[in-house]
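Each value in this text was obtained by applying a stated rule to the coordinates, not by laboratory testing. If you're wondering where the values come from, they're calculated on a predicted model, not measured in any experiment.
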Amino acid sequence: MSFLRMVSIVGFSSVLILGGCSSKKEASNNDDPIIGYEDEDKGSSINTGDGYGFTDFDLSIKKDGKKIEVDYEDVKPSDAEYINEFQEVNKEGNDAIDSMHKMFMEVLLDSDTTKEEAIERILKWYGLDDYDEFELDVKYTDNKSLDIEEKK
């Protein structure tokens, strides 16, 4: 019986040793950046994955006595505000940014977006067909800006 016991111990040990010596890829270092770009001093952008492509986004839409307001500053995200009276939403800080993020990713405004495209995309996102007042001020990371002030 002792011989069988010895053989089973040697066999089990061999399996453990062979399993530990397998050739697996080395785990990546989590400290390494996944995305990088040459012009880091130009700021973040949606294309690099580390921002939205703008540093300031102020939106105000008024329709039938109700309003939507979005206020986002890249340098002070804790001051973000999101109000949507059509859906009874009033958020600040990280909660506001979470709500804004969905809109920013869907609407995708960049410095080449025209006024008409911006209005159309934003109204579509909020499910509005028209507005009484529409104001938008966006400052992009490439130092361009988009300013819209429309009243009907």
Q. Stretched out fully, how many nm does the piece from residue 128 to residue 89 gain, at 0.36 nm a residue minus the Cα gap?
A. 12.4 nm
(Q) Quick check on my link table: of 102/139; 66/152; 63/139; 76/124; 62/144; 67/102, which ones sit more than 22 Å apart, alpha carbon to alpha carbon? (A) 63/139; 76/124; 62/144
**Q.** Potential extension, residue 62-residue 76 segment - 0.36 nm per residue separation minus Cα distance
**A.** 2.5 nm
Q) Rg (Å, one decimal) plus Dmax (Å, integer) for the alpha carbons of the range 77-124? A) 12.0, 32
